[in-house]
Amino acid sequence: MELKVLLLIFVVPVVWGYKSGLVTESCVDMKPHHGGQSPQTGPAPFTVTTEQNNYTQGDEIKVTLQSTGSTPFVGFLLQARESGGLLPVGSFVVTTNVAQLLNCNQKTKNSAVSHTSNSPKYDIQVTWKPEASKDIKSIQFHATFVQNYQTFWVDVGSPVLKFTSAMSSGPLLVQSTSDPSSTSTTKTISSADCGVTKVCFSQPSGCDPAAISSCFFMSSMSPSSGTLHYEMSGPSDGYIAFGFSDDQMMGNDDIYICGIGSNGLVSVQHAFSRGKTTPQTLSLGNISNIEASMQQGVISCSFTSRNTISTERTTGINQMYYILFAYGSSSNGNIQVHRDTFVSSAKIDISKPQLLQNADFPQIMQAHGALMLIAWMTTSSLGMMVARYLKGMAKGRTLFGKDIWFVVHVTVMSLTVAETIIAFILAFSHVRGWAEGAHSVLGCLVMILALIQPTLALLRCAPQHPRRFLFNLSHAFIGVAAKGLGVAAIFTGLNKIDSTNYWLLKVMGGFVAWEALFYTLLELLVRWKNKTDVASSTLGSKKISVDVLLVVLYFLGNIAFLVALLSGIGTA
């Protein structure tokens, strides 16, 4: 008997949880009737949003129920009511098996939506249609969210959806136009009150988008706690975007995009960027007061958001973030790789008015790039060429008891390793951790090989040892691999700071072609020497002179390419 009583105590709450979602008895007060449990009184970690802030007869309104964080909801009840009213109006349509229709109004079928099971849910979208009646008023969506049996929120409301006789602001879309004589209902975006009531970030720094059409601009102001009003503007034929980041590089960024869709209309999108891939589109969430347009090649958007900011590592409106801005073209509404981007020089609290400065390429990273260029364009090349092609120089002469070519080879290759280690430490100290992307992976591989190479050299066997050839093969292979990966790391690094006209990448491509040409000429010369009688010391001297001449010509060009790249990094 006692066991049965205990089972009833634990089972009854589960039964009262209505995991089937058939909760028509909750239609009036929207309470889940969980055995006398009281609803939460604090802010709900869930939102009810729509894709537009007004509607007209015949519209189909997309309504989204969404978790604002990592907390799911297991149950819900959704209704549309006239603003200030208590009765459900209109009807819903569902296209997912996690939601079902309920009849909460005897006059209208499908006037509410609820869950079908107690499975965790983070994002649900349904469609609402207004009634075919002339007496239509502004409406508001109301929802109850159930996190668990004891924890639930009742009557969570959406922004009020106003009824208009004609569509004034479709699903966050405004007609795009390039006609100079046309006008737009979008408010003029300007730099007025920057640093006083709002945060401003622009390129060129301090420009006014109301006065200069070439100004890329974003601003943010906080009219109330938890609310941010954003503006962005800039010349583009596809899109402009800004985002919040934990660092000054793209990846794990919370972003908003203002761009031209496949229908030629300007729209606002919420997305999350993982790096150099197409951003993942998110639900718009709790966004209202959308205005968007394109005039004379300038795209503009403004909107009010109650969405929290999240980069996965950092979450919250009042946290510190870098601000990123990017722009580029689009194809059939899909954004393409950005033409250019700029980032704030410091992290900021977006809710506190201030003027942001653009970040120059950090000097510590300029030093990192310069060291890597010198290491893998100059000193490593010299060490490899001496070991491969100039062993005949100063034959019979020694320095510190070793052949001169060997001393030169060891010296410059040791310098290469030291330069690589210092460059690696500089980059690691700037990023303060492991960064994502091909450049970081390549850099780590180069660092590993650069450490393995001298370690093997110290452990090598004597020249007369029968297995010495194994060291020779591995030493040569690792050297070539490190050289190739070092050049690849330079290409990916230059791409990070030269994504507009790719001038630095073209110069680096020219260097690779230059180096390949001279390696080919020197290799052909070695093969020719091996096939030719070199008994004559005079002839041998002439051949050595050709080797030296080719190496000298190579390094003259090498220095020219190096100086050009160092100059480019210095002005990045």
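General remarks:
- Whenever a residue of region 332-343 is more than 17 Å from Ser262 (Cα to Cα), its partners that are at pLDDT below 85 and of a type in the set (Val, Ile, Thr), lying with C-beta atoms within less than 6 angstrom and at least six residues away or across chains, give the pairs Asp340/Thr500.
- Flag if Ala488 is modelled with pLDDT under 75, of a type in the set (Gly, Ala, Ser), within 25 Å of Thr420 (Cβ to Cβ) and within 28 Å of the chain's Cα centre (by Cα): no
- Residue in region 259-282 that is within 21 Å of Gln125 (Cβ to Cβ), outside any loop (DSSP other than H, G, I, E, B) and aromatic (Phe, Trp, Tyr) present: yes
- Only one entry in Phe141, Phe152 is in contact with a Pro (Cβ under 8 Å, 6 or more places away or on another chain) and crowded, with 19+ Cβ neighbours inside 10 Å, namely Phe152.
Every residue, every condition in (1) modelled with pLDDT of 85 or more; (2) out of contact with any strand residue (DSSP E or B) (no Cβ under 7 Å at 6 or more places or on another chain); (3) surrounded by fewer than 19 Cβ atoms within 10 Å (Cβ to Cβ); (4) of a type outside the set (Gly, Ala, Ser), yes or no:
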residue: Phe303; (1), (2), (3), (4): yes, no, no, yes
residue: Gly316; (1), (2), (3), (4): yes, yes, yes, no
residue: Ala326; (1), (2), (3), (4): yes, no, no, no
residue: Lys347; (1), (2), (3), (4): yes, no, yes, yes
residue: Leu356; (1), (2), (3), (4): no, no, no, yes
residue: Ile364; (1), (2), (3), (4): no, yes, yes, yes
residue: Ala370; (1), (2), (3), (4): yes, yes, yes, no
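- Flag if Asn289 is in a strand (DSSP E or B), surrounded by fewer than 23 Cβ atoms within 10 Å (Cβ to Cβ) and among the polar types (S, T, N, Q): yes
- The numbered conditions (1) surrounded by fewer than 18 Cβ atoms within 10 Å (Cβ to Cβ); (2) assigned to a helix (DSSP H, G or I); (3) of a type outside the set (S, T, N, Q); (4) over 38 Å from the mean Cα position of the chain (by Cα) are all true for Val441 except (4).
- Being at pLDDT 85 or above, among the polar types (S, T, N, Q) and either in the same structural domain as Tyr389 (by TED's automatic domain parsing) or not in a loop (DSSP other than H, G, I, E, B) (or both) holds for only one residue in Thr538, Thr520, and it is Thr520.
- Scope region 74-86; condition exposed (fewer than 15 other Cβ atoms within 10 Å of the Cβ) and among the aliphatic types (A, V, I, L, M); matching residues: Leu86
- Qualifying residue in region 105-113 (condition: more than 25 Å from Lys137 (Cβ to Cβ), among the charged types (D, E, K, R) and more than 41 Å from the chain's Cα centre (by Cα)): no
- Every condition in (1) crowded, with 19+ Cβ neighbours inside 10 Å; (2) over 18 Å from Thr49 (Cα atoms); (3) of a type in the set (S, T, N, Q) is met by Asn103 except one, and the failing one is (1).
The values are calculated or read from the model by the stated rules, or taken from the named source; none is laboratory data. Model, not experiment: these values are computed from the prediction. Glycine gets a Cβ as well: all are built from the backbone with ideal geometry, and neighbour counts include every protein chain shown.
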